[in-house]
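The values are calculated or read from the model by the stated rules, or taken from the named source; none is laboratory data. It should be emphasised that the depicted structure is a prediction, and the values quoted were computed from it without experimental measurement. Methodologically, a virtual Cβ is constructed for each residue, glycine included, from the backbone with ideal geometry; neighbour enumeration extends over all protein chains shown.
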């Protein structure tokens, strides 16, 4: 049974690659993977918001950005130490700042990946 639900942008080549890696690591199927871009998925919040920013639900709590990544990592045994480190005071704030920087360059990276 899934411990975490992850909503991801299946239309984003970066997201697809990362989720493919996480799926391979999720051997215990602890994560329910929901492709928001397919248009058929059930969305707990606005679809545009789910496409703009990474979201996960852990223990009934919706998380976004770096907190969502940390939730996903905690559900995958090999990644769990990273997810636990994110709980150290101040670490999540640093991860979120890095994620916000990534979001600014994400459109350019997506275009570059599509051209390849």
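The table below lists the values:
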item	result
Contacts under 6 angstrom Cβ, first residue in region 34-51 being under 17 Å from residue 13 (Cα atoms), partner assigned to a strand (DSSP E or B), 6 or more apart	34/7; 36/7; 50/7
Residue list for region 99-116, restricted to those being within 18 Å of residue 64 (Cβ to Cβ) and either surrounded by 11 or more Cβ atoms within 10 Å (Cβ to Cβ) or in contact (Cβ under 8 Å) with a residue 40 or more places away in the chain (or both)	99, 100, 102, 103, 106
Top-ranked residue of region 53-82 - restricted to ones that are within 20 Å of residue 10 (Cα to Cα) and without any contact (Cβ under 8 Å) to a residue 24 or more places away in the chain, ranked as surrounded by the fewest Cβ atoms within 10 Å (Cβ to Cβ)	62
Subset of region 64-84 [out of contact with any helix residue (DSSP H, G or I) (no Cβ under 7 Å at 6 or more places or on another chain), in a helix (DSSP H, G or I) and more than 25 Å from residue 44 (Cα to Cα)]	81
Hits in region 8-31 (condition: in a strand (DSSP E or B) and modelled with pLDDT of 95 or more)	31
Residue match in region 15-35 (condition: more than 16 Å from residue 76 (Cα to Cα), in contact with a helix residue (DSSP H, G or I) (Cβ under 7 Å, 6 or more places away or on another chain) and surrounded by 14 or more Cβ atoms within 10 Å (Cβ to Cβ))	no
Some residue of region 39-60 being part of a loop (DSSP other than H, G, I, E, B), modelled with pLDDT of 90 or more, touching a helix residue (DSSP H, G or I) at 6+ places or on another chain (Cβ under 7 Å) and under 14 Å from residue 3 (Cβ atoms)	no
Test: residue in region 85-100 that is part of a helix (DSSP H, G or I) and touching a strand residue (DSSP E or B) at 6+ places or on another chain (Cβ under 6 Å)	no
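For (1) in contact with a strand residue (DSSP E or B) (Cβ under 7 Å, 6 or more places away or on another chain); (2) within 16 Å of residue 114 (Cβ to Cβ), each residue gets a yes or a no:
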site	(1), (2)
11	no, yes
14	no, yes
18	no, yes
21	no, no
25	no, no
34	yes, no
37	no, yes
40	no, no
48	no, no
